[in-house]
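For reference, the structure discussed in these notes is given below.
The values are calculated or read from the model by the stated rules, or taken from the named source; none is laboratory data. Everything quoted here is computed from the prediction, not taken from an experiment. Cβ atoms come from the backbone with ideal geometry, glycine included; neighbour counts cover every protein chain shown. Note: areas computed on protein heavy atoms with side chains; ligands, DNA, RNA excluded. Shrake-Rupley method; radii C 1.70, N 1.55, O 1.52, S 1.80 Å.
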Amino acid sequence: MLIRFFFMLREGGLKPSITELLTLLAALKSGVAGYSVEDFYFLARAALVKDESLYDRFDRIFGAHFRGVEANFRALAGEVPEEWLRRQAELLLSEEERAQIEAMGGFEKLMEALQKRLEEQGERHEGGSKWIGTAGTSPFGAYGYNPEGVRIGQAGSRHRSAVKVWDRREFRNLDDTVELGTRNIKVALRRLRRFAREGAADQLDLDATIDSTARNAGLLDIKMVPERHNAIKVLLCLDIGGSMDDHVRICEELFSAARTEFKHLKHYYFHNFIYESLWKDNRRRHSERVPLSEITHKYGPDYKLVFVGDATMSPYEIVYPGGSVEHWNEEPGAIWIKRLLKAYPKAIWLNPEPRARWDYTPSIKLTRELMEDRMFPLSIGGIDDGIKSLH
Amino acid sequence: MADSKFKGTSRYVATDDLMMAVNAAVTLERPILIKGEPGTGKTQLAEEVAAALDRPLYEWHIKSTTKAQQGLYDYDAVARLRDSQLGDNRVHDIANYIVRGKIWEAFASDVQPVLLIDEIDKADIEFPNDLLRELDRMEFYVYETKELVKATHRPIVVITSNNEKELPDAFLRRCFFHYIKFPDTETMEKIVDVHFPNLKKMLLKQALEVFYKVREVPGLKKKPSTSELLDWIKLLLAEDIPPEALRDSENRKAIPPLYGALLKNEQDVHLFEQLVFLDRRSRTQ
């Protein structure tokens, strides 16, 4: 049974190893988990999933695999789960409601009916007016409207039925295929640090030590060299204004994180697409522009070029002279970006638009071709892939 | 095994899933890796596990310059060189210059210890890889003295990470993993109750309400976390602020008293004040 679950996890994009499966089995054998599904869920998660961004995927697979099993559980038990019945003492009923229960035949009758219906009901259920489940009007279930109701499975720490824990999918927004949110972006941007801080070293400068010890008539004189800092250089070009307004926040965060990470970070702005000049200060974008030739001249080819933009515009703005929405450009943007890419062979384009929309926007397709397919979504996974291709 | 189950302590509220992960790690003697938002009690967990199971605790705090070797031992070659120049007799035994690190200390402990490796992500990217064998086999080799150091008892290893760097797969495979999610209102009430047992119900309710409201303010750079809430309540108690003041602030002034304990950077405070101002204006109109 667990082997099938294991392969289901692997198919679902999680990569648990055999070691991890063996660990889980060893833990089960030693009896850590007790005999409840919920315990097993917690244990399996701790043993098999090592990244909170994959919790949600795990929850879904776990739910899909064990939902049937749980139904069997119920059939085996042949009666109302003990946990549910225990709640009878905790019914939140007022005097009037209690009177209404009397109308239905009293408390015992109600519980009897509950048990009977559970036997009829084969599976998990939501809505509706008879079966037990959530959001319905049957007297049994949760979040419902029947005043004679017995609350079953409504969130409360002691009572939650096992399936609910993973059904709640609390870690949904951490899944790395989801576009970045405010919390996610912090995690993702830290990935940039990975290649900016490699090779930290705090070493004895052997040559200088020998040299100065010799000069010191053989008395030891230690010389140290300072830690070697990473010399990675980044040229960041940000699209600003227009359709990018929806993405301002995300770009701000990317920018501020990048700024603290890299010692050599140069940034420039552009509007919609790259033409003959860029600018550094948005308030003086018309008066203080830097010609592209000056940029390629000033910063060597060891700089890595990162564009951030939605590349959403009219295709004319890319391929025709004079296509720019702001000024008359003698040469089309496509030529200018080719020049930039020639000067900086290591380049990527990060696009805040979801990947699914890329194929439907001609300008994105065009930009992607110009970038030789090095366009990545501005999501955790996208930044990760982008950084890999920059290496 | 019943006595060595971790169930939280009188000072620390552990959720079911956290307890399960810790107990699995303790039973199987595997390291446990803890991640979570800052201020959710990752480091404290090791202290509480040690206290609850009555084990000695060895803490190894990692910095960006920490090397894996430093946890094992340091060979003080410079001291030996100096001693040789001064003609010290100690110089003939290399073992005199081997300084034990935290891992060695934990390995040498007479009872099973708890070893905390705090903020492992701060170190160099290769750091966890350098510790694979040590954490797996619980042994290492001292090259200078040609001695194999083996753990007398496999320590309970608690590793915390703030997610600043990704950890290598080979390392992750050897650990149990738990992500401490931000506590819901109910757990939070328990946590506050553990820290301030005699807190008035009213004050707690109001304080939590304000706290979760502040957390919901869109665009905060650093959302206040559990430890900030506890600090804030401590301040409220010290200043003897009545619960009514908190409710008042919701309706009229809307800036909670002593909010400096909750918001830790000026942009956030500024944003918050702006929102409050807008809110107040929309109410008066």
(message) Restricting to the stretch A:50-68, name every residue that is assigned to a helix (DSSP H, G or I) and within 8 Å of another protein chain (Cβ to nearest Cβ).
(response) A:E52, A:Y55
(message) Condition (residue is over 22 Å from B:A21 (Cβ atoms), in contact with a strand residue (DSSP E or B) (Cβ under 7 Å, 6 or more places away or on another chain) and among the basic types (K, R)) applied to the stretch B:93-101: is it met by at least one residue?
(response) yes
(message) Filter the stretch B:234-263 down to the residues that are modelled with pLDDT of 70 or more, exposed (fewer than 13 other Cβ atoms within 10 Å of the Cβ) and of a type in the set (D, E, K, R) and list them by number.
(response) B:E239, B:D240, B:E244
(message) Exactly one condition in (1) at pLDDT 90 or above; (2) surrounded by 23 or more Cβ atoms within 10 Å (Cβ to Cβ) is false for B:L148; which is it?
(response) (2)
(request) Working only within the stretch A:337-371, note down all residues that are in a loop (DSSP other than H, G, I, E, B) and open to solvent by 20 Å² or more (accessible area, probe 1.4 Å). (result) A:P345, A:K346, A:E353, A:P354, A:T361
(message) Condition check: in contact (Cβ under 8 Å) with a residue 60 or more places away in the chain, open to solvent by less than 10 Å² (accessible area, probe 1.4 Å) and not aliphatic (A, V, I, L, M). Does A:D384 satisfy that?
(response) no
(request) Looking only at the stretch A:24-31, decide whether some residue is part of a loop (DSSP other than H, G, I, E, B) and either of a type in the set (A, V, I, L, M) or facing chain B (nearest Cβ under 9 Å) (or both). (result) yes
(request) Could you run through the stretch B:192-221 and say how many residues are surrounded by 17 or more Cβ atoms within 10 Å (Cβ to Cβ) and over 12 Å from B:I233 (Cα atoms)? (result) 2
(request) Within the stretch B:15-57, work out how many residues are under 14 Å from B:Y179 (Cβ atoms) and among the polar types (S, T, N, Q). (result) 2
(request) Those residues that are closer than 30 Å to A:Y316 by Cβ, at pLDDT 75 or above, among the hydrophobic types (A, V, I, L, M, F, W, C) and in contact with a Leu (Cβ under 7 Å, 6 or more places away or on another chain), I need them from the stretch A:231-277; list them, please. (result) A:L235, A:L236, A:C237, A:F270, A:I274
(message) If I filter the stretch B:29-39 down to residues being touching a Ser or Thr at 6+ places or on another chain (Cβ under 9 Å) and open to solvent by less than 20 Å² (accessible area, probe 1.4 Å), which single residue comes out as farthest from the other protein chains (Cβ to nearest Cβ)?
(response) B:I34
(message) With the requirement that a residue be part of a helix (DSSP H, G or I) and either touching a residue at least 12 places away in the same chain (Cβ under 8 Å) or surrounded by 11 or more Cβ atoms within 10 Å (Cβ to Cβ) (or both), what does the stretch A:4-18 give you?
(response) A:R4, A:F5, A:F6, A:F7, A:M8, A:L9, A:R10
(request) State whether the residues of the stretch B:74-92 include one that is farther than 25 Å from A:S30 by Cβ and touching a His at 6+ places or on another chain (Cβ under 9 Å). (result) no
(request) Being more than 14 Å from every other protein chain (Cβ to nearest Cβ) and either outside any loop (DSSP other than H, G, I, E, B) or at pLDDT 90 or above (or both) narrows it down to one of B:L135, B:L81, B:L115, so name that one. (result) B:L115
(message) For a quick check of your reading of the model, give me the residue pairs whose first member lies in the stretch A:288-316 and is open to solvent by less than 50 Å² (accessible area, probe 1.4 Å), whose second is acidic (D, E) and in a loop (DSSP other than H, G, I, E, B), with beta-carbon atoms closer than 8 Å and at least 6 apart or on different chains.
(response) A:L292/A:E276; A:D310/A:E353; A:A311/A:E353; A:T312/A:E353
(request) Output yes when any residue across the stretch B:163-183 is more than 8 Å from chain A (Cβ to nearest Cβ), touching a Pro at 6+ places or on another chain (Cβ under 6 Å) and surrounded by fewer than 19 Cβ atoms within 10 Å (Cβ to Cβ), and no when none is. (result) yes
(message) For the stretch B:53-78, which positions are within 14 Å of another protein chain (Cβ to nearest Cβ) and either over 19 Å from A:L220 (Cα atoms) or open to solvent by less than 60 Å² (accessible area, probe 1.4 Å) (or both)?
(response) B:I62, B:K63, B:S64, B:T65, B:T66, B:K67, B:A68, B:Q69, B:Q70, B:D74, B:A77
(request) Return the residue satisfying two criteria in turn: it lies in the stretch A:32-49 and is at the interface with chain B (Cβ under 8 Å from one of its Cβ atoms) and assigned to a loop (DSSP other than H, G, I, E, B), and of such residues it is farthest from B:K5 (Cα to Cα). (result) A:V49
(message) So A:A334 passes all but one of these: (1) open to solvent by 20 Å² or more (accessible area, probe 1.4 Å); (2) closer than 16 Å to A:F273 by Cβ; (3) at pLDDT 85 or above. Which condition number does it fail?
(response) (1)
